[in-house]
Amino acid sequence: MKRWAGFAVLLALAGCTTAVGGTARPEPASPPSNLALVNPARTASVLNAVKTATEAVFSYDSAALPAYEKSTAENLTPGARDEIGRLLAEVRNSPQPIKLVTRVIVSAAVEETPDKAQVLTVLDQASTRAGTTSKGIASVLFATVRDGERWRIAEIKVSPTASPLAPEKPGAGDRAIARVRDSARDGALRVAEALLSLDPADPEGSYARYEAVSTGQLLTQFQQDKAARIAQFRTAGTKSALEPNAAAAVMEVVDDKASVLLVATTTVTDAAGQATKKYLPIVLRLQRLPEGWKAAGIETVQALP
């Protein structure tokens, strides 16, 4: 699987500002309500600011407390400072010297307005205490507010789920771009529902759902392994179901291709009936076809080296 480092924002939507029924629509009087990716440079600026703030306030060195306190004062609202205090209580109360280093692996804007933004991130964290380092990743949804030239983190939601966003109204120009973004996000959620769900009582149906939402190399791979995959579904006896309200954010749209960051939770039930929850930050590579968005690739988000 590909390892993600940083984030990507690129928008080149040829043909998305045109017409219905052969007649060009006038530019709408109002912009879309969600500006994420509508202005790529602005969205990149927001993501970069949130990345800087996140890496500062989620990193901690017990030998440099004044610098940490200054960073939290600059980058967090009072409510978020209380929240980060609860999240890092174990780290801050360690009787031994401790150093926590956090880096953003990948991020994407869920929603953006001139003064507020929601940013979905996957974080790489390394904690060193008594000469021993432990690593892990965490998925976080940040709500941020603009304060002059600075973006401050106002709310922190770990292992997030998301409420559906209202779709953009029809229109040309920026609204057309926003509608493509929203359709890619919705397409990613439909694809994830199929690819992350499995019913061992219906292995053929589970495989058929995989095939129905896939295209390109991913579809070829499924078809090459069809018999073995169905047999594995049947014999393993493991059931997987996607939990509702997965958090998704479009990272980039280029022509008829999109990349979507998805933080999903699945309930996995083994043959003995034991259920566990599995948290999956993934990136879906989508291709827009006449019948809708399909998956051309799926990549897990992994810790940085």
*Output the residues belonging to the stretch 252-277 that are within 18 Å of LEU195 (Cβ to Cβ) and in contact (Cβ under 8 Å) with a residue 60 or more places away in the chain.*
ALA258, SER259, VAL260, LEU261, LEU262, VAL263, ALA264, THR265, THR266
*asked:* For the stretch 225-238, which positions are part of a helix (DSSP H, G or I) and surrounded by fewer than 19 Cβ atoms within 10 Å (Cβ to Cβ)?
replied: LYS226, ALA227, ALA228, ARG229, ILE230, ALA231, GLN232, ARG234, THR235, ALA236
*Just name the residue that is nearest to ASN245 (Cα to Cα) out of those in the stretch 180-225 that are hydroxyl-bearing (Ser, Thr, Tyr) and touching a residue at least 40 places away in the same chain (Cβ under 8 Å).*
SER197
*Output the residues belonging to the stretch 92-116 that are surrounded by fewer than 16 Cβ atoms within 10 Å (Cβ to Cβ) and either in a strand (DSSP E or B) or aliphatic (A, V, I, L, M) (or both).*
LYS116
_Can you say whether ALA241 is free of Cβ contacts under 8 Å to residues at least 40 places away in the same chain and either more than 18 Å from GLN302 (Cβ to Cβ) or open to solvent by 50 Å² or more (accessible area, probe 1.4 Å) (or both), as far as the supplied structure shows?_
no
_Just checking, does the stretch 63-77 include any residue being touching a residue at least 60 places away in the same chain (Cβ under 8 Å), in contact with a Leu (Cβ under 7 Å, 6 or more places away or on another chain) and open to solvent by 10 Å² or more (accessible area, probe 1.4 Å)?_
no
*Where residues in the stretch 272-305 are part of a loop (DSSP other than H, G, I, E, B) and in contact with a Lys or Arg (Cβ under 9 Å, 6 or more places away or on another chain), which of them is surrounded by the fewest Cβ atoms within 10 Å (Cβ to Cβ)?*
PRO305
*asked:* Just to be sure I understand the filter: pairs with C-beta atoms under 7 Å, separated by 6 or more residues or on different chains, first member in the stretch 279-299 and more than 27 Å from LEU123 (Cβ to Cβ), second member open to solvent by 50 Å² or more (accessible area, probe 1.4 Å) and assigned to a loop (DSSP other than H, G, I, E, B). Which pairs pass?
replied: GLN287/ASP256; ARG288/ASP256
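The values are calculated or read from the model by the stated rules, or taken from the named source; none is laboratory data. On a predicted model such as this, the values are computed, not experimentally measured, just so you know. Heads up, the Cβs are rebuilt from the backbone with ideal geometry, glycines too, and the neighbour counts pull from every protein chain shown. All accessible areas refer to the heavy atoms of the entire protein, side chains included, with ligands and DNA or RNA removed. Shrake-Rupley method; radii C 1.70, N 1.55, O 1.52, S 1.80 Å.
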